[in-house]
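**Q** One structure coming up, written as structure tokens, with questions to follow.
The values are calculated or read from the model by the stated rules, or taken from the named source; none is laboratory data. The structure displayed is predicted, hence computed values, not measured ones. All Cβ positions, glycine included, derive from the backbone under ideal geometry; neighbour counts span all protein chains shown. Note: accessible area is taken over every heavy atom of the protein model, side chains too, but ligands, DNA and RNA are not part of it. Shrake-Rupley method; radii C 1.70, N 1.55, O 1.52, S 1.80 Å.
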Amino acid sequence: MSSQSPQRVAAANPSHFFFPPLRLALLLIACWGGGALCLALLVANVSADGPHAVWLWLGLALGAAGLLAALACVLDARRGARQQALLAPEQHFRALTELACDWWWEQDSAYRFTYIGGNFESTTGQTEAALLGKTRWELPCSNLGAADWAAHRALLDRREAFSNFEVSRPDGQGRLVHYAISGQPVFDAQQRFIGYRGVGNNITSRREAEEATRHLAHFDPLTDLPNRSLFPDRVQTEILRAQRNNRKVALLMLDLDHFKQINDTLGHDQGDCLLVMASQRLRDCVRSADTVARVGGDEFMVILGDLEDLRPVETIAGNVLQALCQPYPLTGGSGIVSASIGIAVYPDDATDVAGLVKRADQSMYAAKSAGRNRFSFFTQELQDQAESRIWLTQDIRSALRENQFWVAYQPIHSFKDGSVHKAEALIRWQHPERGLVEPSVFVPVAESTGLISEISQWVFSTVAAQAQAWRASHHSDFQVSINKSPVQFYRPGGDQVTWHQQLRELGLGERSIVVEIAESLLLNSSQSIAQQIRAIRSDGIQVSIDDFGSGASSLANLQAHHIDYLKIDQGFVRKIAPDSDALALSQAIIAMAHKLGIQVIAQGVETQEQADLLRAAGCDFAQGYLFARPMDAVSFDAYLRSRPRLS
């Protein structure tokens, strides 16, 4: 096997024998010889043996020399063309090799390097001389052990080709430089093995790009925490370790409370800053071997492995709650959030990843329902509730299809003259097997599943048609109020446009419908909610604040949203008695509302004493069992015709 490089072959076998200066001289001699020959022939015509005979012979000699020189030039040119044709494939191969690899090499039958060409030194930091005569397992590398080299040596001994045999070495800054080497055996004409030849490439950039892509696929780019795709593998690893060591694994699902308000008020960039700080606080609260992952917008998972008991879980969960509720320094103000944490334990609650995630999610939902800023362990009761929600969701869909819902109406009496030209519409569900299902049971499920919008649309259509009938038969200004869930404001749909169209098609004028909203909505500074409330009023629908006094809304919020009615929370009304705090608070609410041009409705009035005290305090309307319970439309119509007037 030759050890000469293509450059050396080209130098030993030039493309032509004569160098350019010698070739030029030969061409001149050929020209002169030709001229001399012509002159000699002329002289020969004069005399072949006269005084010019010497010139004849000299011309003949020079002519012969010219002919030989011309022949030599022709032969040299043909030889050069043949050599060029022979070297063209080699030059073509060299050009392709230089494009395809960084360096190329050859080895003898003892696997010693006999030739290295290309950019070997610039790409590896090693000189050609340092490696010639050495074997491949003497390459400077850092990532292959004795077993790897033994396997590679066995491959060579079997005279097999190999590819992507990788070695790595650290550079001066400790950064790994990766090389990929491939080669194939070489045999002579008698099929005797004479060595290997192959190529090498510096694949550091490719490796770094692959690592970067792999990192992006498995880690959150904002917080650099494991993401949703890597998280299950981490959980499975901890489960397998717990199986071997007879330990437990706790999975904490964590959701930031009120994070949306940070995005709405300070902007998404500040929301991202808060998430980065929250992720660092989470890391600081757990052990070094634990995993914190970001699996959603403001949702995190914490994996606590190698547990003998659950005492560390409670400690860590408490520390997390305390750390996350501390103010976050943000541009434009400080952000304050809390967290709701659901906890599931392997193997107590589930034995696989999917089961743990499901149980942790149920527990987190329970923590949020209990008031947020707390943690909740999974219990069988939570599982029962989750299964109940699933069945209830299916039954709600059936109820919408099969018209199992109906509307009850409760009259609202005027304290001024005892008249009734207002009513509140209340959704009812007559289940074919369970009987009457309370709204407190199915409304939260409808809100969480998004079915509340479809229910609300059905209620509005039913109530609008009934209001039109009572306006025609009882009172031209009859008004019905309906409740709109806060969920519908946070996840707005197209119901507002539909409501406006229905009112216009029914010919209902302004103030025929009142929308009752929760007091908590007034605390939300979202422009979207403010716009929705303004849109309701612009369509001629009045707005009432339900259960006023149970929240913490301000006078400024009442004035800003142009509220039409306040409904005093029935918790105050039940406690009203002479000289009671509840009466004082009710009097203050009534006075404040009247100053702002807002009328007041007391709900939950059950005794005549309550009614008398509220009337004396200036309350405008009353609603409660003292006057009538909620009833269906037919019974309500009869009530309007036959009820006694309140004195």
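**Q** Of the residues that sit in segment 514-529 and are out of contact with any Asp or Glu (no Cβ under 9 Å at 6 or more places or on another chain) and crowded, with 17+ Cβ neighbours inside 10 Å, which one is modelled with the highest pLDDT?
**A** Selected residue: V515.
**Q** Sort out which residues of segment 466-483 are more than 21 Å from D564 (Cα to Cα) and open to solvent by less than 50 Å² (accessible area, probe 1.4 Å), and write them in order of number.
**A** Within segment 466-483, Q466, A469, W470 qualify.
**Q** Would you confirm, using the coordinates I've provided, whether A386 is without any contact (Cβ under 8 Å) to a residue 60 or more places away in the chain, more than 11 Å from A250 (Cβ to Cβ) and aliphatic (A, V, I, L, M)?
**A** yes
**Q** Are any residues in segment 368-402 acidic (D, E) and touching a Phe, Trp or Tyr at 6+ places or on another chain (Cβ under 9 Å), and if so, which ones?
**A** Across segment 368-402, the qualifying residue is only D395.
**Q** Taking segment 386-414 as the region of interest, how many residues are at pLDDT below 90 and among the polar types (S, T, N, Q)?
**A** 1
**Q** State which residue is nearest to S485 (Cα to Cα) when the search covers only segment 551-564 and only residues that are modelled with pLDDT under 85 and in contact with a strand residue (DSSP E or B) (Cβ under 9 Å, 6 or more places away or on another chain).
**A** Restricting to residues being modelled with pLDDT under 85 and in contact with a strand residue (DSSP E or B) (Cβ under 9 Å, 6 or more places away or on another chain), the top hit is G551.
**Q** What do you reckon, is T462 open to solvent by 40 Å² or more (accessible area, probe 1.4 Å) and closer than 30 Å to E387 by Cβ?
**A** No, not satisfied.
**Q** Out of F442, F460, which single residue is assigned to a helix (DSSP H, G or I), among the aromatic types (F, W, Y), within 17 Å of R511 (Cβ to Cβ) and under 39 Å from the mean Cα position of the chain (by Cα)?
**A** F460
**Q** For segment 400-420, does any single residue satisfy the condition of being assigned to a helix (DSSP H, G or I), in contact with a Ser or Thr (Cβ under 7 Å, 6 or more places away or on another chain) and more than 15 Å from V514 (Cβ to Cβ)?
**A** Checked against the condition, which is being assigned to a helix (DSSP H, G or I), in contact with a Ser or Thr (Cβ under 7 Å, 6 or more places away or on another chain) and more than 15 Å from V514 (Cβ to Cβ), segment 400-420 yields no hits at all.
**Q** Among L451, L426, L506, L436, which is over 30 Å from V600 (Cβ atoms) and in contact (Cβ under 8 Å) with a residue 40 or more places away in the chain?
**A** L451
Condition check ((1) in contact with a helix residue (DSSP H, G or I) (Cβ under 7 Å, 6 or more places away or on another chain); (2) under 30 Å from K260 (Cβ atoms); (3) not aromatic (F, W, Y)) across all residues:
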| position | (1), (2), (3) |
| --- | --- |
| F405 | yes, no, no |
| P411 | yes, no, yes |
| V420 | yes, no, yes |
| L436 | no, no, yes |
| T449 | yes, yes, yes |
| L508 | yes, no, yes |
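**Q** Which residue, of L583, L640, is aliphatic (A, V, I, L, M) and more than 23 Å from V420 (Cα to Cα)?
**A** L583
**Q** Only one of (1) without any contact (Cβ under 8 Å) to a residue 12 or more places away in the chain; (2) buried (at least 16 other Cβ atoms within 10 Å of the Cβ); (3) touching a strand residue (DSSP E or B) at 6+ places or on another chain (Cβ under 6 Å) fails for P327. Which number is that?
**A** Against the list (1) without any contact (Cβ under 8 Å) to a residue 12 or more places away in the chain; (2) buried (at least 16 other Cβ atoms within 10 Å of the Cβ); (3) touching a strand residue (DSSP E or B) at 6+ places or on another chain (Cβ under 6 Å), P327 comes up short only on (2).
**Q** Looking at segment 584-594, is at least one residue touching a residue at least 24 places away in the same chain (Cβ under 8 Å), open to solvent by less than 80 Å² (accessible area, probe 1.4 Å) and of a type in the set (S, T, Y)?
**A** Yes, segment 584-594 has at least one match.
**Q** For segment 416-442, enumerate the residues that are of a type in the set (D, E, K, R) and in contact with a Leu (Cβ under 9 Å, 6 or more places away or on another chain).
**A** D417, R428
**Q** Residues being more than 19 Å from N263 (Cβ to Cβ), of a type in the set (A, V, I, L, M) and surrounded by 14 or more Cβ atoms within 10 Å (Cβ to Cβ): count how many of those fall in segment 276-298.
**A** 4
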